[in-house]
Amino acid sequence: MIYSDEIIAEVWRNRDAYAAQHHNSLNEMVADLRERQKRPGCKLVDRRDMSLKLTSNLPETQRPPG
């Protein structure tokens, strides 16, 4: 049995449409996304160090070890 979810199906449709607009070329998609980031009002989220930011506001006794 295949699991079907309307939200996942919509995400996949949007992904496929976006890829088709860029000839299914990863290089074209990356170039487009980089251009979009340069637009005024575009918020870029960098989650590489998210764990540090999330735990740094915790009291010392509640921070994870390490």
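The values are calculated or read from the model by the stated rules, or taken from the named source; none is laboratory data. Since the model is a prediction, treat every value here as computed from it, not as a measurement. Using ideal geometry, Cβ is built from the backbone for each residue, glycine included, and neighbour counts are taken over all protein chains shown.
When the residues of the stretch 1-45 are filtered to those that are of a type in the set (Ser, Thr, Tyr) and not in a helix (DSSP H, G or I), which remaining residue is modelled with the highest pLDDT?
The selected residue is Ser25.
Just the residues that are in a helix (DSSP H, G or I), at pLDDT below 65 and loosely packed, with under 10 Cβ neighbours inside 10 Å, please, taken from the stretch 55-66.
Ser56
What number of residues within the stretch 18-36 satisfy the criterion of being exposed (fewer than 10 other Cβ atoms within 10 Å of the Cβ) and not basic (Lys, Arg)?
4
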